[in-house]
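Structure record follows, encoded as C-alpha cells.
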Amino acid sequence: MKKILLFALAIGIGLSSMAQQAYKIKIDTKSQKKIEKQAFSVEPIKSTAITKSQTKAKLVIPAADRDANIVTIVPIGTAANAYGFSGSQNPIPVRPDLNTVAFIHRMGGDLDPGGYSGDMGYDVSMDGGQTWTTQAEFWVAIDNEGGTYFKDAGRYPSAGIANPEGGNGPYLNFYFPLLWDSNGGWGGYGVGVANLNDPTDATRNLITYDETTDLMISVPGGYGLSSQGFMVGVDDDYDVDGTTYNGALAVTTGVWNDDAMDYLYAIEGFDLDLSVSSGSADQKVAFSPDGQIGYICVLGNDGEAEQLSGYSNYYPIILKTTDGGATWSDPTFIQLDGPDGLGGIVYNHLTDQLIADLFEPPVPTREEISYTTAFEHDLAVDANGNLHIGVLIGPTGSDPQSIISASGYTAVVDIFTTDGGTTWFVEEMGRPNTFRGTFGDISSDNRVKITSTPSENKFFFSWLDTDIEDAEDNDRPNIWCRGFDPATYMKTSNGDGDGPTNVTLFSSGMWQSYYGTAGNFCFTNENGYNIPFIFQEMDPADPIAPVQFQYIQDFYFTDADFTIQGINNPVVPENNLSSVSQNFPNPFNNETYVTVSLNEGSNLSLEVYTLTGQKVVTKDYGYMANGSHTLTISGTDLTSGVYFYTVTAGENKVTRKMIVE
C-alpha cells in the first residue's frame, strides 16, 4: 500500500506542477522524455544444444596506407544485432600505463557464426589500439529453464581493466545486467573478471534480485574502477513491472581477493528519495587519479532543488567519498537555474531571439526559465579531486522531466567544481543540431562522454550529432569532440573557430557512427592525445541484423589545438566579492550589463581585454557599498569578436568571456 501511495503522490506532484506553469511554451517546439525501458532484442531463442561459440580469436592488423587527413577506422568484433550497446554504460576501458584498450560486447555476428547474443566477449589491443584480438568469449549463457531467453544472458555491459599484484592479469573487470526475468525481464547482474591474455581464465558470479538481495535491480548505468582496484556499480532500486522507484540506489561494490583470484562483491541500498522523478535518468561513478576521492552522480529530482515556474526537471545529485569508497556523503544537488543557478546557464544559455521563438508572450525573465539535464551523462575527476560532469542541458519541456530538444536549444556542457563541490561552474562545449535517433524499437541520444588524459588534467567531451542540413533526428550521426583544459580555461578549436571537431568527417564513419562512444582515458604519445572511439556499423532500418564494431585508431588533439579560451570562472572565496554575473545580453553590439554583489564595501573596478591580452576598457568605480551593483559595458568602440572582462573588488577578481557582434 505504501508503494502505491508513493507513486500516486509522485503523479500528483507532476500534475500539480503542470497546472501551475507560469509561462507557456509554443506548441510547435520539439521536446523529448526519457526512454523508459531498454529493449531486449528479438533474435530467435537459443537452443540448449549450443554451449559455446567455436570461433577463434581473430587478430586484426590495419592497412598501413591512409589519407593523413582522414581518421583510420578498423573493424574489430561483431554482435548478433544492434541491441545492447546503449549510451549509459562504459564499454571501452583504457589503461594508458599498460598501453591497453578493450571493448566488451555481446557475441554473435559474422565473426561468431552460431554464437548467442547473450554470451559476452571482449576485443583487446595491447599496443595502443594498433592491432586487435577480437571475439574473445568469456561468458556463456547456460541457464535456460525452458524460457524465452537464457536467464543469464547478458546485455548493456560495462568494464574496467584491473591489474592486481596478486593476480595473473591484466583482467577485464565486468559488470552487466542479465535477462533474469524477476524484474520486468531483468533482475540480475553478471560480475567477475576475465584475463585479457586468456579469456578461458574467467570467473562467473551472479547477483540476482530473487536470490541474493531484496533490491529490485534492472539495467545499471553507473560503473567505476578506481586506480586502487575498487569497483562500484550503481543502479536504481526500481520495480520495472510496477514502474515504481523504491527509494534507494542499488550500489554494488567489488574488492580483489588474492585467495579467490577474483573480486568479492556486495550490494546494498543507498537511501535517496527520487519520488518526484520516479527514479533517476542515469547513474555514473568516477574516481580521482589516486583512487581516494570518488563521486556517484545521478540525474534525478529529489525535491531539494528549487523548481521554477511550475516546471519539473532533472538535475545532478551527488554523493562523494574521500576514503576510496569506504564511506559516502549524504546526497547534495546542483541548482541549474533561477537566481541561485549557474550563471552560464541562467544568463548565457539562450539568446534573446531563442527566448522569443520558444515562449508565448509575455516571455519569462531569464531567472524564471527552468532548465534540465538530458537523460545520459558522464563523469571524470581531476588530479585535485574535483568533479567534471559532461551532460546535455536545455530548457525544461511542459511535461515533467522533459527537455526542449529543438535545434539550438541544447548544449553539451562541462559542469565542474574547483573546490571539492562547494561552488559549481559551467563551460559550453558545443550545440548539437539534433537529439535522438530511432532505429526500429531502439533509440540513441547524443551519448555525451568524457575522455581524460592519464593525469586527468585535460578532458575531451564527445557526442553524436547529425549535421545534415534540415535534419530533425539524430539518425545519421557523426562523432563530435572538444577538449577543455580547466587549468588554463583553453578549449580546442575546430579549425574554423570556436567550436567542436567533427571526428568522422569524410571517413567511412561519416553519417554512420551509430551508437558511437569513447574510452575513459586517452593515450598520449609524440603525436598528441589519442582518443579511442568505437561505433557500430549497422543497418538503421533493420536493428536485428548483425553488426560490426569499428575502432577509430588515430584521432588526435595536440597542445597547439587548445587555442580558444573558455569562460574563466575562478573560485570566489567568502569575502567582499560575493558574485559576478555573466554579462547580459551576450552577444551584444550596443550595451551589456554585469551584476556584481558585494558582501562588504570595497573599491570596485572593471577592465576589458582582447583575446591577445590587450586592455581596451578600464573603469574605476571607487568605493562601493555592500549590496548589488549593475555595471555597464559599451560595445560601440569595440570591434566584433571575443573579449574578457575582469571585475576587481579589493584583492579579489573574477574574469568572464563576452562576445561583441
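The values are calculated or read from the model by the stated rules, or taken from the named source; none is laboratory data. Computed from a prediction, not measured in an experiment: that's the story for all the values here. Cβ coordinates were reconstructed from backbone atoms using ideal geometry, including for glycine residues, and neighbour counts include every protein chain displayed. Remember, those area values only see protein heavy atoms, side chains included, never the ligands or the DNA or RNA. Shrake-Rupley method; radii C 1.70, N 1.55, O 1.52, S 1.80 Å.
Quick check on Asp271: is it among the charged types (D, E, K, R), closer than 27 Å to Tyr83 by Cβ, surrounded by fewer than 16 Cβ atoms within 10 Å (Cβ to Cβ) and out of contact with any helix residue (DSSP H, G or I) (no Cβ under 9 Å at 6 or more places or on another chain)?
Working: among the charged types (D, E, K, R): yes; closer than 27 Å to Tyr83 by Cβ: no; surrounded by fewer than 16 Cβ atoms within 10 Å (Cβ to Cβ): yes; out of contact with any helix residue (DSSP H, G or I) (no Cβ under 9 Å at 6 or more places or on another chain): yes.
For Asp271, the condition - among the charged types (D, E, K, R), closer than 27 Å to Tyr83 by Cβ, surrounded by fewer than 16 Cβ atoms within 10 Å (Cβ to Cβ) and out of contact with any helix residue (DSSP H, G or I) (no Cβ under 9 Å at 6 or more places or on another chain) - is not met.
Just give me the residues in the stretch 269-284 being acidic (Asp, Glu) and not in a strand (DSSP E or B), in sequence order.
Taking the stretch 269-284 as the starting set, the residues that turn out to be acidic (Asp, Glu) are 271, 273, 282.
Within the stretch 269-284, just Asp273 meets the criteria.
Counting only residues that are of a type in the set (Gly, Ala, Ser) and open to solvent by 20 Å² or more (accessible area, probe 1.4 Å), how many does the stretch 276-309 have? Lay out the reasoning, then the answer.
Going through the stretch 276-309, the residues of a type in the set (Gly, Ala, Ser) turn out to be 277-281, 286, 288, 291, 294, 300, 303, 305, 309.
Applying the additional criterion that residues be open to solvent by 20 Å² or more (accessible area, probe 1.4 Å) yields 278, 303, 309.
So the answer is 3.
Output the residues belonging to the stretch 93-111 that are of a type outside the set (A, V, I, L, M) and either open to solvent by less than 10 Å² (accessible area, probe 1.4 Å) or touching a Ser or Thr at 6+ places or on another chain (Cβ under 6 Å) (or both). Steps first, answer last, please.
If we filter the stretch 93-111 for residues that are of a type outside the set (A, V, I, L, M), which is where we start, we get 93, 95-97, 99-100, 103, 105-106, 108-110.
Of everything in the stretch 93-111, those that are of a type outside the set (A, V, I, L, M) and either open to solvent by less than 10 Å² (accessible area, probe 1.4 Å) or touching a Ser or Thr at 6+ places or on another chain (Cβ under 6 Å) (or both) turn out to be Pro93, Thr100, Phe103, His105, Arg106, Gly108, Gly109, Asp110.
Return the total of residues in the stretch 213-239 being open to solvent by 30 Å² or more (accessible area, probe 1.4 Å) and within 16 Å of Ser158 (Cα to Cα).
Looking only at that region, the number is 2.
Tell me which residues, restricted to the stretch 550-560, are part of a loop (DSSP other than H, G, I, E, B) and either open to solvent by less than 10 Å² (accessible area, probe 1.4 Å) or in contact (Cβ under 8 Å) with a residue 40 or more places away in the chain (or both). Break it down into steps so the answer makes sense when it comes.
From the stretch 550-560, those part of a loop (DSSP other than H, G, I, E, B) are 553-555, 558; that's our starting set.
Matches in the stretch 550-560: Gln553, Asp554, Phe555.
Could you please tell me which pairs satisfy a Cβ distance under 7 Å, a separation of 6+ or placement on different chains, a first residue in the stretch 318-333 that is within 14 Å of Asp273 (Cβ to Cβ) and at pLDDT below 95, and a second residue that is polar (S, T, N, Q) and open to solvent by 80 Å² or more (accessible area, probe 1.4 Å)?
Final answer for the pair search is none.
Residues are listed down the side, and each one gets a yes or a no for (1) under 16 Å from the mean Cα position of the chain (by Cα); (2) closer than 28 Å to Ser86 by Cβ; (3) assigned to a loop (DSSP other than H, G, I, E, B):
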| residue | (1), (2), (3) |
| --- | --- |
| Trp480 | yes, yes, no |
| Thr504 | no, yes, yes |
| Ser513 | no, yes, yes |
| Asp539 | no, yes, yes |
| Gln548 | no, yes, no |
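Those residues that are of a type outside the set (A, V, I, L, M), open to solvent by 10 Å² or more (accessible area, probe 1.4 Å), touching a residue at least 40 places away in the same chain (Cβ under 8 Å) and farther than 22 Å from Pro96 by Cα, I need them from the stretch 480-500; list them, please.
Just the residues of the stretch 480-500 that are of a type outside the set (A, V, I, L, M), to begin with: 480-486, 488-489, 491-500.
Next, from what is left, pick out any that are open to solvent by 10 Å² or more (accessible area, probe 1.4 Å): 480, 485-486, 488-489, 493-498, 500.
Those left that are additionally touching a residue at least 40 places away in the same chain (Cβ under 8 Å): 480, 485-486, 488-489, 493, 497-498, 500.
Trp480, Thr488, Tyr489, Ser493, Gly497, Asp498, Pro500 - these are the residues of the stretch 480-500 that are of a type outside the set (A, V, I, L, M), open to solvent by 10 Å² or more (accessible area, probe 1.4 Å), touching a residue at least 40 places away in the same chain (Cβ under 8 Å) and farther than 22 Å from Pro96 by Cα.
Given the options Asn569, Asn575, Asn583, name the one that is at pLDDT 85 or above and closer than 24 Å to Trp424 by Cβ.
Asn583
Of the residues Gly160, Gly167, Gly114, only one is open to solvent by 10 Å² or more (accessible area, probe 1.4 Å) and under 24 Å from Phe521 (Cα atoms); which?
Details: Gly160 fails: open to solvent by 10 Å² or more (accessible area, probe 1.4 Å); Gly114 fails: under 24 Å from Phe521 (Cα atoms).
Only one candidate passes the filter, namely Gly167.
Just to verify a result, which residue in the stretch 177-212, among those that are open to solvent by less than 30 Å² (accessible area, probe 1.4 Å) and either among the aromatic types (Phe, Trp, Tyr) or in contact with a helix residue (DSSP H, G or I) (Cβ under 6 Å, 6 or more places away or on another chain) (or both), is farthest from Ala380 (Cα to Cα)?
It comes out as Trp180.
In the stretch 438-450, which residues are at negative phi and under 17 Å from the mean Cα position of the chain (by Cα)?
First, the residues of the stretch 438-450 that are at negative phi: 438-439, 441-446, 448-450.
If the condition is that a residue be at negative phi and under 17 Å from the mean Cα position of the chain (by Cα), then Ser443, Ser444, Asp445, Asn446, Val448, Lys449, Ile450 are the ones that fit.
All but one of (1) buried (at least 23 other Cβ atoms within 10 Å of the Cβ); (2) over 14 Å from Pro532 (Cβ atoms) hold for Asn90; state the number of the condition that does not hold.
That leaves (2) as the condition not met.
With the requirement that a residue be under 22 Å from Ile442 (Cα atoms) and open to solvent by 20 Å² or more (accessible area, probe 1.4 Å), what does the stretch 464-479 give you? Even if it seems obvious, please write down each step before you answer.
Residues of the stretch 464-479 that are under 22 Å from Ile442 (Cα atoms), as a first pass: 464-468, 471-479.
Result: Asp467, Ile468, Ala471, Glu472, Asp473, Asp475, Arg476.
Take Leu249 and tell me if it is closer than 22 Å to Ile104 by Cβ and either touching a Gly at 6+ places or on another chain (Cβ under 8 Å) or open to solvent by less than 40 Å² (accessible area, probe 1.4 Å) (or both). Before you say what the answer is, go through the steps one by one.
Details: closer than 22 Å to Ile104 by Cβ: no; either touching a Gly at 6+ places or on another chain (Cβ under 8 Å) or open to solvent by less than 40 Å² (accessible area, probe 1.4 Å) (or both): yes.
No: the conditions fail for Leu249.
Hey, can you tell me all the residues within the stretch 515-537 that are in a loop (DSSP other than H, G, I, E, B), closer than 19 Å to Ser125 by Cβ and either at pLDDT 95 or above or open to solvent by less than 10 Å² (accessible area, probe 1.4 Å) (or both)?
Those that are in a loop (DSSP other than H, G, I, E, B), closer than 19 Å to Ser125 by Cβ and either at pLDDT 95 or above or open to solvent by less than 10 Å² (accessible area, probe 1.4 Å) (or both): Gly516, Gly519, Asn520, Cys522, Ile531, Pro532.
Note down all Cβ pairs under 7 Å where the first residue falls in the stretch 121-142 and is open to solvent by 40 Å² or more (accessible area, probe 1.4 Å), the second is charged (D, E, K, R), and they're at least six residues apart or on different chains.
As it stands, the answer is Thr133/Asp123; Ile142/Asp152, since those pairs meet every condition given.
Give the residues of the stretch 70-83 that are within 30 Å of Cys297 (Cα to Cα) and either open to solvent by less than 10 Å² (accessible area, probe 1.4 Å) or out of contact with any strand residue (DSSP E or B) (no Cβ under 7 Å at 6 or more places or on another chain) (or both), sorted by residue number.
Applying the first criterion (within 30 Å of Cys297 (Cα to Cα)) to the stretch 70-83 yields 82-83.
Residue satisfying the conditions is Ala82 alone.
So which pairs qualify, if the first residue must be in the stretch 593-607 and closer than 28 Å to Thr636 by Cβ and among the β-branched types (Val, Ile, Thr), the second must be in a strand (DSSP E or B) and open to solvent by 50 Å² or more (accessible area, probe 1.4 Å), the Cβ gap must be under 7 Å, and the two must be at least 6 apart or on different chains?
What qualifies is Thr595/Ser628; Thr595/Thr630.
Confirm whether Leu379 is open to solvent by 10 Å² or more (accessible area, probe 1.4 Å), within 19 Å of Lys458 (Cβ to Cβ) and of a type outside the set (Phe, Trp, Tyr).
Numbers: open to solvent by 10 Å² or more (accessible area, probe 1.4 Å): yes; within 19 Å of Lys458 (Cβ to Cβ): yes; of a type outside the set (Phe, Trp, Tyr): yes.
Yes, satisfied.
Condition check ((1) modelled with pLDDT under 95; (2) among the basic types (Lys, Arg); (3) under 21 Å from Phe85 (Cβ atoms); (4) part of a strand (DSSP E or B)) across all residues:
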{"position": "Ile104", "(1), (2), (3), (4)": "no, no, yes, yes"}
{"position": "Pro113", "(1), (2), (3), (4)": "yes, no, yes, no"}
{"position": "Asp123", "(1), (2), (3), (4)": "no, no, yes, yes"}
{"position": "Thr134", "(1), (2), (3), (4)": "no, no, yes, yes"}
{"position": "Glu137", "(1), (2), (3), (4)": "no, no, yes, yes"}
{"position": "Asn144", "(1), (2), (3), (4)": "yes, no, no, no"}
{"position": "Gly169", "(1), (2), (3), (4)": "yes, no, no, no"}
{"position": "Ala194", "(1), (2), (3), (4)": "no, no, yes, yes"}
{"position": "Pro199", "(1), (2), (3), (4)": "no, no, yes, yes"}
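Only one of these is open to solvent by 80 Å² or more (accessible area, probe 1.4 Å), farther than 13 Å from Val596 by Cα, assigned to a strand (DSSP E or B) and modelled with pLDDT under 90: Tyr623, Tyr643, Tyr609. Name it.
Tyr623
Name the pairs: first residue in the stretch 170-182 and farther than 14 Å from Val232 by Cα, second residue of a type in the set (D, E, K, R) and open to solvent by less than 10 Å² (accessible area, probe 1.4 Å), Cβ to Cβ under 6 Å, at least 6 apart or on different chains?
Final answer for the pair search is Pro177/Arg155; Leu178/Asp152.
Can you tell me which residues in the stretch 479-499 are modelled with pLDDT of 85 or more and charged (D, E, K, R)?
Arg482, Asp485, Lys491
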